[in-house]
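To keep things clear, I will list the structure first and then write my remarks on it.
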Amino acid sequence: MANLVLAVLTARRIARNAAPLACALALGGLIVLDAAERLPPVAAAAALAVLIGALVQRALRRAAAIEASALLDLEVGALLVVATFAAVLHLDGSLDGDAHAALYVVIALVSAFARPGASLLVALASAALEIAVRSVAARGAPSLLDAARAAAPHIGFMAVFSVLNAAVLRAEIGRVRKASRTHLQAEIDRLRDDARSYRLLSAPAQARGVAQKGDDERLARSGVEEIHQSVLFALRLLRESLELYTAMLLWQNDTGTHLRISELASDAPNLSEGPFLSGDGVFGAAITQRAPVVIGGLKPGYKLPYYVGPSPVRAVCALPVFEHGQLRGVLVVDRVEDRPFSPRELELIDEACRYAVRAIQNERVFVQLERAKVEQGKLYRAAEALGAATTEAGVIEAGVTSAREITSVDFAAVTLYDEAQKVHEIRAVSGDGGAELTGQRFRHNAGLVSMVLQNRHPLPYRGEYDEKRQVVFTRRVAPPSMPSIIVLPLVVHDRPLGTLVLGSRRRAAFNDSVRSTLEVLASHMAVSLSNARMMRRLEELATMDGLTGLLNKRAMLEVADQKITAARRFSRRLSVLVTDIDHFKKVNDTYGHDVGDVIIKGLGDVLRRAKRTTDAVARFGGEEFVVICEETDARGAMLLAERVREELARTTFHAAGSNGPVQCEVTCSIGIATYPEAGSTWEELFKAADESLYVSKRSGRNRSTAWSPSMRSSSSHPPAAEAPAPAKAGSEPPAPARAAAEAGAPARTAAARTAAEPGAAARTAAARTAAEAGAPARAAAARTPAAAPAAQRRAPVGSGAPALAGPDGAPAAGRRVAASGPPPAKAPGAPGEGEPRSKPRRPSEADPSSKPKTAA
């Protein structure tokens, strides 16, 4: 569906873009038909209206576009040519009249303003249209070759006009554009020079990034404008109060060799624009003496450096401008009258000089505050983005994006460090070579990444990178060649997490101010990365089983609700498998719980390998596992269950037991329930799968059973006594078991009380007697009702018991070989062989009102 929508949208976009050209071609075809035979007036009027509408619409769009595309130029040119041909044919009746010269004007206009490719196509379309019109308009049906020969002079004139206008007019337009750009660049450079001279910019703008450069230029432009306004106000006030002819502030460049006019107030027409040498005339005297220089009674031919030709003034005063004891410029005032400057006027001039310096200092402080505000805003946005990221990938993406906002970054990479294995991994890369670098791993070495984590300090110094002498990752794994690279450590509580690698194609891109901001960003990024890892760990602890790595019960219930809702919404099948290890209690009692953990983990691995990507596997509790399979019916679930059961039966588990290495083989029983036959809710499905599991247990274990309606009907009518455990064919239950079953609950209670009263001594004597007497003694003990519970706990292992072997393959110590006869029947209500006594999950055991199950 998505591909179809995308195809429709693409087709609509292509049709919309091709509509003007298709209209021009159709109108050109109508002109050819009109040349052969006049069109009806209605058709001609409709075609003319369409032509004018399309031409006006495309022309207005072309005029509104700052940089028009070649397609738009081609559309406008083609429509203009078609309109011109229509006008020429209707005015002269042929293409040989005087009106045909208008076509040359159109070709020249298109060649002057359109792109070269569009101009060439328009000229070719004009030639083709003229040949077609001449071919159909001439009598005698001449060939296209004859029509081309007749149109050759006109086509030649078209080519001449097109080439001349492209060569002359376009060249002139290009020259004007270049001059405008040069003038604009000169104004920008002058503004930057003013800003640097006033200390509004601390470094050349070429060394800064795109974002930093834009911010600095904006601040510098506003700062320079404010300084000029303040200084001009002081100079005008000084000029009007002292009746001066010229009042001018000259500012010294960074090297101190030249003076440049910063601001002036004068009516003199012959002022020089400068710059001036610092040692010229009155400027040099004021700078050398570092004191005001006052000259009066100047002769008419006296030469002053800032006037072109003879100076018209008779008195001049040059006052050096100081800022924090450093010479910054010269304030020059003069008057036409031959009247020297009095001490009071010199004080006023000095006050104006100090006012100008204070204005510059105030603006400098303001610009620094604005720059700090901008940097803090960037850091605030970066911290906000990093705080909102809750995953490692989100933190890395937010950090790289924030670094690009702070400075010009052409390459960015984030490496994560495994402190236990001493291995670095390039987790994310933005820029050239990202596909090759992402996922690369390398050992701790002498590269910049390893040294940064070892020293906890950014490298290289000032971000100046020399690929011939320095290594970022390894010699084999290297970033693109760039003059500026900086590696920042990601450290939290002195614990290294990784590094942030940034690169730029500009030299000196990571200066002191930018580097300090990036260090703060790296610190925020490290904290967010640590929080993301902690959150991921908490999610794993909340949803994963610590032993097997599978889902736990809480997470499984949430997944089950989602999958059942989806199955109900889309009418899909869904199956639930409940798996339980057979005789698992005997494994724990014989070998210990550490061996049991190995078996549980092994079954989890078997289930993880057998499941599909869309299936969910969870450890429900103890040795029980639950598998939820989407789009799976009862047959498919049975195939999966059998595959799991057979693989577990073939698996031999190796573990370190208390008496040495242990080899153990176990089996499992599986119950299956399918939606919607077994139930429409999770509770119903799980209860049905649990009933199927009980059937597998009571049918001999090591088997899979799918739920059927007969299980539910049989569980609703409990029998008087539980069916005996399955025995071998042709054998009868032994008499002691039948006697124990007939005794009922009072007998069981008395037997348990009788067995519990003798205490430890009686149990030890019984065990010694049983060991000495052998099988006859065990049979005699089984015939005594009072020994029934002990006999059940020591029941021989049947055909479904797990094969538990010691290191040498013989039966493990403390275990008895299975008896040759059939196993004794289990008394009603007694726990099953190898099953734990307490299983609150089972409905028949947790709920006293539930009814006992019977084997299917």
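Quick notes on this structure:
- On a per residue basis, the range 216-349 carries 48 Å² of accessible surface, using protein heavy atoms and a 1.4 Å probe.
- Entry note: the range 364-491 has Rg to Rh equal to 1.00, where both radii use alpha-carbon atoms and Rh is the Kirkwood radius.
- Cut-off under 5 Å, modelled amide H: who pairs with GLU677 long-range: none
- Annotation: amide H of THR667 within the under-5 Å range of ASP582, sequence separation 5 or more or interchain, hydrogens built in the peptide plane.
- Share of carbon and sulfur in the accessible heavy-atom surface of the range 437-539 [1.4 Å probe, %]: 50
- A crude spin-label estimate for the pair GLU519 and GLU187, with each label 7 Å from Cα along the Cβ direction, gives 4.1 nm.
- Computed 3J(HN,Hα) for the range 387-401, one whole-Hz value per residue from the Karplus formula 6.51 cos²θ - 1.76 cosθ + 1.60 where θ = phi - 60°, is x, 7, 7, 10, 10, 4, 5, x, 5, 5, 5, 5, x, 5, 4, glycine and proline marked x.
- Candidates per GluC sites (Glu not before Pro) in the range 605-661, loop by DSSP, up to 16 other Cβ within 10 Å: GLU631
- Look at where the Cα atoms of the range 401-450 and of the range 251-300 average out, and the two centres are 56 Å apart.
- Whole-Hz couplings from phi, Karplus 6.51/-1.76/1.60, listed for the range 663-673; x for Gly and Pro: 10, 9, 10, 10, 10, 9, 10, 10, x, 10, 9
- Take the Cα of ARG149, step 7 Å toward its Cβ, do the same at ASP512, and the gap between the two points is 8.4 nm.
- 25 °C / 0.890 mPa s Stokes-Einstein diffusion coefficient of the range 607-712, Kirkwood radius on C-alpha pairs, µm²/s: 166
- The range 1-120, accessible surface, carbon-and-sulfur percent (1.4 angstrom probe): 72
- For ARG328, residues with placed amide H under 5 Å, excluding near neighbours: VAL321, PHE322, GLU323
- Vicinal HN-Hα couplings computed from phi for the range 307-323 (Karplus, 6.51 cos²θ - 1.76 cosθ + 1.60; Hz; Gly/Pro x): 10, 8, x, x, 7, x, 9, 10, 9, 9, 9, 10, 10, x, 9, 10, 9
- Where the range 597-677 is the region considered: accessible area per residue in Å², 1.4 Å probe: 43
- For the range 88-160, applying the loop criterion from DSSP together with a ceiling of 11 other beta carbons within 10 Å to the trypsin sites (Lys or Arg not before Pro) yields ARG139.
- Working from label points 7 Å from Cα in the Cα-to-Cβ sense, the LEU6 to ARG476 distance is 3.6 nm.
- Among the listed pairs LYS601/LYS697; LYS585/LYS687; LYS586/LYS697; LYS553/LYS697, those whose Cα-Cα separation exceeds 19 Å are LYS601/LYS697; LYS585/LYS687; LYS553/LYS697.
The values are calculated or read from the model by the stated rules, or taken from the named source; none is laboratory data. What you see is a predicted model, and the numbers here were worked out from it, not measured in a lab. Ideal geometry is used to build each Cβ from the backbone, glycine not excepted, and the neighbour counts take in all protein chains shown. Surface accessibility is based on the protein's heavy atoms, side chains included, excluding ligands, DNA and RNA. Shrake-Rupley method; radii C 1.70, N 1.55, O 1.52, S 1.80 Å.
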